[in-house]
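Working notes, structure below.
The values are calculated or read from the model by the stated rules, or taken from the named source; none is laboratory data. All values reported here derive from a predicted model rather than from experimental measurement. Here the Cβ positions follow ideal geometry from the backbone for every residue, glycine too, while neighbour counts run over all protein chains shown.
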Amino acid sequence: MENTIKENILTLKDVCISYTPGQNAVNMVTADIQKGLITSIMGPSGCGKSTLLRAINRMHELYPGITITGDIKLNNKDILKMNAIEVRRMAGMVFQRPNPFPTLSIYDNVIAGYTLNGIKKTKDEKDEIVENSLKNVALWDEVKDVLQKKGTFLSGGQQQRLCIARALALKPDILLMDEPTSALDPIATNRIEELLVELKKEVTIVIVTHNMSQAARISDYSMFMYLGDLIEYDTTKKMFTNPQDKRTEEYLTGKFG
Amino acid sequence: MSDKAFKTLLWFAASIILIITGGMLYSLTSGAIPAFKQFGFFEFLSSSEWNPTEGSEKYGALAFIIGTIITSILGILFCLPFSLPVALFIGEYFKGKKIASLLGTIVDLLAGIPSIVYGLWGFYALRPIIMSLGLSPQGFGILTASPVLGIMIIPYAASLSAEFIRMVPNDLKEGAYSMGATRAEVIQHIILPISGSGIFSSYILALGRALGETMAVTMLIGNANGIPNSIFDTGNTMASIIANQFGEAYGLKLSSLIAVGLLLFLITAIINFIGKLIIKRNNL
């Protein structure tokens, strides 16, 4: 890892996010996130980690009264000045609770990004996208004979992999994951983690997690946030073996959080 | 008050409702029996004759059943383009905002306006328009009654539909937005398909209201006793024939009107049952 040339895909500069004026839920966060790696964001509940993640694909705009200041650049483009819809196609998102669309089949769930955006594809192109996306998440062999069944028939872990496939189908530059295994059992969690390590060849991953051992297992870089501040950001290895800030150390050793 | 006494009181109050409903059904049935006996149940349903001439009296409900169905379904069609957007406005677009609750309150107020006021509005506002368009010489008829009926059922259809639209889980909407969908695309591809059966059931329940709506319809439909030839024609619904003729009816005619009432009671009950069944089955 140390030998590869660093290429930043996402740069955050002085990012502040507030739900109520004068009160920053995320406070002056500055960080560069490298391409082709997994970066985890850790911290206790309410530290602003999900809030920060959701700013990257401009999900906050769906709700009134949330202000974002600072610079967020994805692939050198200022996403706060771009069209939100373009930003969201570049930055895929996977949520806490698996959320396949209940009225759609497995097949249609994978292709949903295209249907929703009104992008026309031929049957062959769609078949290819569905097969590749499901293979990417190691779900193809399990579901290839039941593609027309509803996505909600699958188990929780399978549903979450389906949601990852759905996000990947749009070929995003970055995949944002908001505690994607918190609703899953340990075996399903394990499979998702293995999958993510495989996937970083294809896509940069930023994962919010409250599970420290998960961050340690899969991420290359880790951020630790506390009360809206980015306390520490370093290679995962360094953060877990030699944290620089006392608060990071206390969190990692289970003194709070 | 002891627990036991309280429980007995509740039992008593609850059973009163059952007794009243049961009593209603009983008196309707017993009142209708002479008509059914005279004409036969299926003959009564399938005949459109309404002949009160003494000696050759003959009554059948078909014209009114058809009148009711046409008026109500047209009413639903008039209601749909207003109530569905209103439901989306309240349940999705401006969900949780002041303007949505304001609109919701106004829509609910519509439900509180007495039927006769709607009738007057139809009579003085809508009827002249129908006449000036040359759709009907007197301005009375199904086409005059059904838009008024449509407006009257907006609150029932809209507030229940809005509830189903509101219930669509947020994470599904966010999932769609996160892939770059626009609001309109989320509504079209996610919200409407998911809340579809609920919305459908709200229209079924609204249809139940429309079937029995009496006063406004009676004032506007023209009160003709035959099967209407077209939607421009005059007619009668099951409720309006009863309202019109109940006053001076006796004997076989009275029994026939009660029989129409019994049929209306049963149809409305079945429609409501179907609506509630769909809601139950598709609980989100």
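Tabulated data
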item: Tally, over the range A:64-85, of residues that are part of a strand (DSSP E or B) and under 23 Å from B:Gly96 (Cβ atoms); result: 2
item: Residue, nearest to A:Met93 (Cα to Cα), within the range B:162-175, restricted to residues that are at the interface with another protein chain (Cβ under 7 Å from one of its Cβ atoms), in contact with a helix residue (DSSP H, G or I) (Cβ under 8 Å, 6 or more places away or on another chain) and surrounded by fewer than 24 Cβ atoms within 10 Å (Cβ to Cβ); result: B:Glu174
item: Test: residue in the range B:230-237 that is touching a Phe, Trp or Tyr at 6+ places or on another chain (Cβ under 6 Å) and assigned to a helix (DSSP H, G or I); result: no
item: Residue identified as within 14 Å of another protein chain (Cβ to nearest Cβ) and touching a strand residue (DSSP E or B) at 6+ places or on another chain (Cβ under 8 Å) among B:Ser178, B:Ser195; result: B:Ser178
item: Candidate set from the range A:168-211 (those that are within 14 Å of chain B (Cβ to nearest Cβ) and among the small types (Gly, Ala, Ser)); member that is surrounded by the most Cβ atoms within 10 Å (Cβ to Cβ); result: A:Ala169
item: Residue selected from the range A:72-111 under the condition among the polar types (S, T, N, Q) and either at the interface with chain B (Cβ under 8 Å from one of its Cβ atoms) or touching a helix residue (DSSP H, G or I) at 6+ places or on another chain (Cβ under 9 Å) (or both), by the criterion surrounded by the most Cβ atoms within 10 Å (Cβ to Cβ); result: A:Asn109
item: Meets criteria (within 15 Å of A:Ser222 (Cβ to Cβ) and at pLDDT below 90) for A:Met1; result: yes
item: Number of the condition not met by A:Glu250 [criteria: (1) modelled with pLDDT under 95; (2) of a type in the set (Asp, Glu); (3) touching a Ser or Thr at 6+ places or on another chain (Cβ under 9 Å)]; result: (3)
item: Looking only at the range A:112-147, and only at residues there that are part of a helix (DSSP H, G or I) and within 14 Å of another protein chain (Cβ to nearest Cβ), the one that is surrounded by the fewest Cβ atoms within 10 Å (Cβ to Cβ); result: A:Tyr114
item: B:Ile73 being surrounded by fewer than 16 Cβ atoms within 10 Å (Cβ to Cβ) and either in contact with a strand residue (DSSP E or B) (Cβ under 7 Å, 6 or more places away or on another chain) or farther than 30 Å from B:Ile154 by Cα (or both); result: no
item: The range B:98-112 - residue that is of a type in the set (A, V, I, L, M, F, W, C) and exposed (fewer than 14 other Cβ atoms within 10 Å of the Cβ) and, of those, farthest from B:Met215 (Cα to Cα); result: B:Ile99
item: Test: residue in the range A:86-109 that is under 22 Å from the mean Cα position of the chain (by Cα), in a helix (DSSP H, G or I) and among the small types (Gly, Ala, Ser); result: no
item: Residue in the range B:213-234 that is within 14 Å of another protein chain (Cβ to nearest Cβ) and in contact with a helix residue (DSSP H, G or I) (Cβ under 6 Å, 6 or more places away or on another chain) present; result: no
item: Residues located in the range B:165-212, provided they are touching a residue at least 24 places away in the same chain (Cβ under 8 Å), touching a Leu at 6+ places or on another chain (Cβ under 6 Å) and in a loop (DSSP other than H, G, I, E, B); result: B:Met167
item: The listed residue being over 19 Å from the mean Cα position of the chain (by Cα) and in a strand (DSSP E or B), out of A:Ile205, A:Ile231; result: A:Ile231
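Condition check ((1) of a type in the set (A, V, I, L, M, F, W, C); (2) closer than 25 Å to B:Met215 by Cβ; (3) in a helix (DSSP H, G or I)) across all residues:
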| position | (1), (2), (3) |
| --- | --- |
| B:Leu80 | yes, yes, yes |
| B:Gly96 | no, no, no |
| B:Gly122 | no, yes, yes |
| B:Ala125 | yes, yes, yes |
| B:Ile129 | yes, yes, yes |
| B:Phe140 | yes, yes, no |
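Yes or no, residue by residue, for (1) touching an Asp or Glu at 6+ places or on another chain (Cβ under 8 Å); (2) free of Cβ contacts under 8 Å to residues at least 60 places away in the same chain; (3) among the hydroxyl-bearing types (Ser, Thr, Tyr):
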position	(1), (2), (3)
A:Gln23	no, yes, no
A:Gly43	no, no, no
A:Gly65	no, yes, no
A:Thr69	yes, yes, yes
A:Met82	no, yes, no
A:Arg88	no, yes, no
